[in-house]
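Engineer: This is the structure, below, for whatever I ask next.
The values are calculated or read from the model by the stated rules, or taken from the named source; none is laboratory data. Source: prediction; values computed, not measured. Note that we place each Cβ from the backbone using ideal geometry, even for glycine, and neighbour counts take in every protein chain shown.
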Amino acid sequence: MRRGTWDVRQAPGTGTSNNATPRPFTSSHLFCPFSFVLFQEDAVPVSRIASDDAIGSILTVSRAVLCTRLSSMSSPNFSSVPVLDYSQAKSPELKPQFIKELQHALINVGFLYLSNVPVETAPLEAYIPRLFALPQEAKDKISMVNSKHFLGYNKLGAEFTKGRTDWREQFDIATPACVSCRGGAGGPGLLESVGAVAGWPDEDLLPGFKATMERYLLDVQALSYEFIGLLAEAFGLPADSLKQFYDRDELMQHRGKIVQYPQTESESQGVGPHYDAGFLTFLLQASDHKGLQVQNLSGDWIDVPPIPGTFVVNIGRGAHASFLIPYHHSTNFRISNSFSLAYLALEFATQGLARATSHRVISPSGGTGPRYSVPFFQNIGLNVKLTEHVLEFPPEILALRDARGYVGATDSVNFTEFDREPSGRVNLIGRVKSHPDVAARHYPALFKEVFPNGVPAQNQNQDKQVCCVVYCCISVPMQFSVMKEHLRIYSKGRYKA
């Protein structure tokens, strides 16, 4: 196959040789069984973080062409995030209705508000403005770059999403339960002696903050374990079915952030489109600002404004690859073993029942003050390989997934070559991508593996070569020439059909 070309062929096992003459994908093909597209370009960066944009170009084109054609086949779209009352889960009379609403939110939206939670947030919220108002030298003293465990303070512009700078200031924190954990398969000492290096502001500068934060983390941790049992019930399983994805308490550690998004004069990326790591995220929106947005089935961005007394809960991503771009239940997009899409951890574990949803944060506009938020990320065991854990769901539950249809549009593209690696290894690679400065200092060998040519933003013009395979089974009419034309337009002529 020539460089810089597209090709469409029958996939193996569909009755036509893989070496058959390429067939154009025309509007007469109402059903084209497992066609796949090969694309090769010699000006595409091969480093893993840079590949996000390269493959993202292809996937964005696919989304643009397919979304409108698939939308008529999907279940009703969502235009808001549902609110669930957690107290109903404690009532024998009201719990069935809660489970039903939870089931809908997990399968069709991937986000929900949770009200009446047993977590006191006011003490922590009172500390947050004071935390960011600390002298810069006090914050720099606990800078993440000094922590091999990726914990501590990050200045504005120190983190990246999809190769773009995130305009936020933050403290990365962790649950205190894991004080002397071994790195194990999770990588070189990822959680070793975490308690000694987590990094807290000096007690005399912010008296009581550490104790308040640790209490909050433990309370949300307890809530997350309760909630995962309710999630199992919503999918027709015993409440303890998902415990297999966790380790002993002393070997578990969940992480969080305290984030400040400063006001800007023009709309900017607080954090770019992404999926969260782990199983579940519990987000406290600690100010009155809008900014959080989720992407619905059509690719539209939907506001998730703060609601007092609630957490925002969403599904996380993980290690294995399958479908991050729009698919109907008869559509499957995959990237070849040169690149693997980072699979959605809970979505993968639940065979696509739980829906991870792309989301982003837009920085607050001028004159409104900073936006504060506190996300809690519920992780899975460091040694867990998602491909080794299979859950069996009742047919009537799986039918709900099939009735929903495709997952929907997304501007989030996450990649990992470690689709069968332990969770901890993938976790570590993700942190290396987000915080290359920390990786360069503490994991120089791994840094060179992930960034063989340096951080991609500094090497955007180097010629590379990449080849990917996109498997698809499209049950709607479309012209493949249209997709090629979109690709030429999107890439400003770099890709030639």
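Engineer: Mind telling me which of the residues Ala196, Ala211 ends up being of a type in the set (A, V, I, L, M), at pLDDT below 85 and more than 25 Å from Ser80 (Cα to Cα)? Break it down into steps so the answer makes sense when it comes.
Structural biologist: On the way: Ala211 fails: at pLDDT below 85.
Of Ala196, Ala211, the one residue that is of a type in the set (A, V, I, L, M), at pLDDT below 85 and more than 25 Å from Ser80 (Cα to Cα) is Ala196.
Engineer: Please name all residue pairs, on different chains or six or more residues apart, with Cβ atoms under 7 Å, provided the first residue is in segment 208-234 and is in contact (Cβ under 8 Å) with a residue 12 or more places away in the chain and the second residue is of a type in the set (Gly, Ala, Ser) and buried (at least 21 other Cβ atoms within 10 Å of the Cβ).
Structural biologist: Listed by first residue and then by second, the contacts come to Leu217/Gly256.
Engineer: Anything in segment 297-327 that is of a type in the set (Gly, Ala, Ser), farther than 30 Å from Val119 by Cβ and either at pLDDT 95 or above or touching a Leu at 6+ places or on another chain (Cβ under 8 Å) (or both)? List them, or say none. Reasoning before the result, please.
Structural biologist: From segment 297-327, those of a type in the set (Gly, Ala, Ser) are 298-299, 309, 316, 318-319, 321-322; that's our starting set.
Those left that are additionally farther than 30 Å from Val119 by Cβ: 298-299, 321-322.
Listed by number, the residues that qualify are Ala321, Ser322.
Engineer: Go through segment 375-407 and give me each residue that's small (Gly, Ala, Ser) and at pLDDT 80 or above. Show your work before the answer.
Structural biologist: Within segment 375-407, the subset small (Gly, Ala, Ser) is 381, 399, 403, 405.
Those that are small (Gly, Ala, Ser) and at pLDDT 80 or above: Gly381, Ala399, Ala403.
Engineer: Another question, then. Val426 fails exactly one of the following numbered conditions: (1) more than 21 Å from the chain's Cα centre (by Cα); (2) modelled with pLDDT under 90; (3) within 29 Å of Tyr246 (Cα to Cα). What is the number of that condition?
Structural biologist: Val426 satisfies all of (1) more than 21 Å from the chain's Cα centre (by Cα); (2) modelled with pLDDT under 90; (3) within 29 Å of Tyr246 (Cα to Cα) except (1).
Engineer: Of (1) at pLDDT below 90; (2) in contact with a Ser or Thr (Cβ under 7 Å, 6 or more places away or on another chain), Ala232 satisfies all except one. Which?
Structural biologist: The one condition Ala232 does not meet is (1).
Engineer: Any residue that is touching a strand residue (DSSP E or B) at 6+ places or on another chain (Cβ under 8 Å), modelled with pLDDT under 85 and among the aromatic types (Phe, Trp, Tyr) - is there at least one of those in segment 263-276?
Structural biologist: Yes, segment 263-276 contains at least one residue that is touching a strand residue (DSSP E or B) at 6+ places or on another chain (Cβ under 8 Å), modelled with pLDDT under 85 and among the aromatic types (Phe, Trp, Tyr).
Engineer: Now a separate question. What number of residues within segment 291-305 are in contact with a helix residue (DSSP H, G or I) (Cβ under 9 Å, 6 or more places away or on another chain) and either in a loop (DSSP other than H, G, I, E, B) or free of Cβ contacts under 8 Å to residues at least 60 places away in the same chain (or both)? Talk me through it step by step, then tell me what you get.
Structural biologist: Within segment 291-305, the subset in contact with a helix residue (DSSP H, G or I) (Cβ under 9 Å, 6 or more places away or on another chain) is 294, 296-299.
Keeping just the survivors that are either in a loop (DSSP other than H, G, I, E, B) or free of Cβ contacts under 8 Å to residues at least 60 places away in the same chain (or both) gives 296-299.
Selection size over segment 291-305: 4.
Engineer: Kindly indicate whether any position in segment 98-106 is of a type in the set (Val, Ile, Thr) and modelled with pLDDT of 95 or more. Step through it out loud before you land on a result.
Structural biologist: Kept after step one, since they are of a type in the set (Val, Ile, Thr), are these residues of segment 98-106: 99.
Of the ones still in play, those that are also modelled with pLDDT of 95 or more are 99.
Yes, segment 98-106 contains a residue that is of a type in the set (Val, Ile, Thr) and modelled with pLDDT of 95 or more.
For (1) part of a loop (DSSP other than H, G, I, E, B); (2) surrounded by fewer than 17 Cβ atoms within 10 Å (Cβ to Cβ); (3) under 20 Å from the mean Cα position of the chain (by Cα), each residue gets a yes or a no:
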position: Leu205; (1), (2), (3): yes, yes, no
position: Leu218; (1), (2), (3): no, yes, no
position: Leu223; (1), (2), (3): no, no, no
position: Phe227; (1), (2), (3): no, no, yes
position: Leu237; (1), (2), (3): yes, no, no
position: Gln253; (1), (2), (3): yes, no, yes
